[in-house]
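The values are calculated or read from the model by the stated rules, or taken from the named source; none is laboratory data. Source: prediction; values computed, not measured. Reconstructed Cβ throughout: ideal geometry from the backbone, glycine too, with neighbour counts over all protein chains shown. SASA here: full protein model, heavy atoms, side chains in, ligands and nucleic acids out. Shrake-Rupley method; radii C 1.70, N 1.55, O 1.52, S 1.80 Å.
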Amino acid sequence: MPQSSLAIDSKLPQVGTTIFTIMSRLAADCGAINLSQGFPDFQPDDSLFAATLQAMRMGRNQYPPMAGVAELRAAISDKVESLYGVRYDSESEVTVTAGATQAIFTAIAAFVRPGDEVIVFEPVYDSYVPAIETVGGEARYAALSYPDYRPDWEQVRSLLGPRTRMIIINSPHNPTGAVWSAQDLEHLAELTRGTDIVVLADEVYEHIVFDGARHHSVSRRPELAARSLVVSSFGKTYHITGWKIGYVVGSAHLMNEFRKVHQFNVFTVNTPCQVGIADYMREAARHLGLADFYQRKRNFFRTLLQDSRFDLLACRGTYFQLARYRRISALPDVEFAHWLTREAGVAVIPVSVFYHDGRDDGVVRFCFAKQETTLAAAAERLRSL
Ligand code: PMP
Ligand code: GLN
């Protein structure tokens, strides 16, 4: 290829390759056990494959409707109603997306204009701010402070202003494993009351909440639901992160705008996987059993690391475990993550990458969505440090 000398005024001058790609690649290069990027190392259920293959064989191989196949939208609407007691109309209030990432990007593109402000909570999942900045918006950062990562609602109040267009929330929270309470949602409702602020609720870990607690969805509260788009991901729920399918639900008023962008962003999502998932998700035990399934893995991993020199933080949901490593090393967390991958053979995610100012509490994130043999092998290496 000849070199290009075009002058590019980058929309994302600070953005490089995502940490997930960097750490997974380094893990592969070093032959390390990969507890960095969040994905399972085990197979999904065979019956999901069977249902998807059946859809292909039945000729479900052409474009589906723009918002998703009818049976999947109906299954989503039923699931949300049975869990959160609110009925989203499957025709006008449910849209199937190419993973949660596309749902989030599309929602931001649909509502945020140049100069608008969007409140995000730090540490913040890495796709939100680049999406905001791509469309000319500006992120305002609310703190979830170490080590319990609770929101400070007085600080959020101080960030609100006439330019606030959207608030993005994420519970259960990646990377911290924190879970918001009913009272947090009460604060959110109170702060947004009487405004035109859209709430974008990233609830991709809605089924992974531990110790008998429950997930508080904004869908459950009519006042918040009316101003919210709620996003989930089948990748997390059915162990198929590589299928890239998720969905968004929201009032028809908001969804109408969302779809204006969605139809020219991806138009729609592959048909047979949608049909397969629609069939598979009818058995509610498949998503309702997820919390116990991952709680066992969390407990298994935490028990193995109990006598290590990592200090484990609380993990109330998601499939991520945070740990402080200051008793092992004084390195900054990005360097520690690289060192750990190369020298100890376990890849992790440094948490400072989720802060705009690189705040570093000496904390790394382990993904425990792994087979017990993988977790045991990793823990053996980690205990030797
Ligand atoms: N939001 C959060 C908080 C996530 O952790 C992830 C993926 N791990 C996503 C969004 C993106 O989900 P998807 O893979 O369905 O795009
Ligand atoms: N959300 C996943 C994680 O937190 C990664 C998704 C991605 O690689 N973009 O690890």
Next item on the list: Could you give me the radius of gyration and the Dmax of the chain, taking only the C-alpha atoms into account and expressing both in angstrom?
Entry: 20.7, 60
Notebook entry, point to check: Of the heavy-atom accessible surface of region 1-139 (probe 1.4 angstrom), what whole percent is carbon and sulfur?
Noted result: 54
Checklist line | FRET efficiency, 1/(1 + (r/R0)^6) with R0 41 Å, evaluated for residue 42 and residue 78 via beta carbons | finding: 0.90
Note to self: Pairwise over distinct Cα atoms, reciprocal of the mean inverse distance: report the Kirkwood radius of region 310-385 in Å, one decimal place.
What the structure shows: 12.8
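Around residue 48, what is the net charge, scoring Lys/Arg as +1 and Asp/Glu as -1 over all other residues with Cβ under 10 Å from its Cβ?
Numbers: positive: 286; negative: 45, 46, 279.
In short, -2.
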Note to self: Just to be sure I understand the model, the point goes 7 Å from the Cα along the line to the Cβ. What's the resulting residue 383 to residue 7 distance in nm?
What the structure shows: 6.1
Next item on the list: Give the Rg (one decimal place) followed by the Dmax (whole number) of region 186-260, computed from C-alpha coordinates and expressed in Å.
Entry: 13.8, 41
Note to self: Per residue of region 4-14, what does 6.51 cos²θ - 1.76 cosθ + 1.60 with θ = phi - 60° give for ³J(HN,Hα)? Whole Hz please, x for Gly and Pro, Karplus curve as stated.
What the structure shows: 9, 10, 4, 7, 10, 8, 4, 6, 10, x, 8
Check: So, counting K/R as plus one and D/E as minus one, what does the shell of residues with Cβ under 14 Å around residue 222 add up to?
Finding: +1
Check: What 222 nm value per residue comes from the helices of the chain, counting each DSSP H run with n ≥ 4 as -39,500 (n - 2.57) and dividing by all residues, nearest 500 deg cm²/dmol?
Finding: -11000 deg cm²/dmol
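Report, as a whole number in µm² per second, the diffusion coefficient that Stokes-Einstein gives for region 231-385 at 37 °C and 0.692 mPa s using the Kirkwood radius over alpha carbon pairs.
Value of D from the Cα-based Kirkwood radius: 180 µm²/s.
Counting every Cα pair in region 1-155, what percent are over 26 Å apart? Before the final figure, lay out the partial values.
Values: 6605 of 11935 pairs.
Of the Cα pairs, 55 percent sit more than 26 Å apart.
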Margin query: Give me the one-decimal nm value for the distance between modelled label points at residue 113 and residue 302, 7 Å along each residue's Cα-to-Cβ direction.
Written below: 4.7
Checklist line | For region 69-170: span of alpha carbons on each principal axis (Å, largest first) | finding: 42, 32, 24
Margin query: I want the local charge near residue 306. Using Cβ-Cβ distances under 14 Å, sum +1 for each Lys or Arg and -1 for each Asp or Glu among the other residues.
Written below: +2
Margin query: Strictly greater than 22 Å: what percent of every Cα pair in region 1-93 meets that?
Written below: 66
Item checked: Where 354, 267 fall by accessible area, highest first, once all protein chains stay in place (1.4 Å) -> 267, 354
Margin query: In Å, what Kirkwood hydrodynamic radius results for region 281-354 from the alpha-carbon pair distances?
Written below: 14.2
Next item on the list: Please give the length that would be gained between residue 355 and residue 54 if that part of the chain were fully extended, namely 0.36 nm times their separation in residues minus their C-alpha to C-alpha distance (nm, one decimal).
Entry: 103.9 nm
Check: What pairs from 244/370; 244/297; 11/79 go past 28 Å between their alpha carbons?
Finding: 11/79
Notebook entry, point to check: Averaged over all directions, how much area does the convex hull of the C-alpha atoms of region 128-265 cover when projected, in nm²?
Noted result: 9.4
Item checked: Carbon/sulfur fraction of accessible area - region 259-385, other protein chains in place, 1.4 Å, % -> 47
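With the other protein chains left in place, how much accessible area per residue, in square angstrom, belongs to region 309-365 at a 1.4 angstrom probe?
Each residue of region 309-365 exposes 37 Å² on average to a 1.4 Å probe.
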Margin query: Using a 7 Å offset from the Cα along the Cα-to-Cβ direction at both residue 265 and residue 311, what is the distance between the two label points in nm, to one decimal?
Written below: 4.0
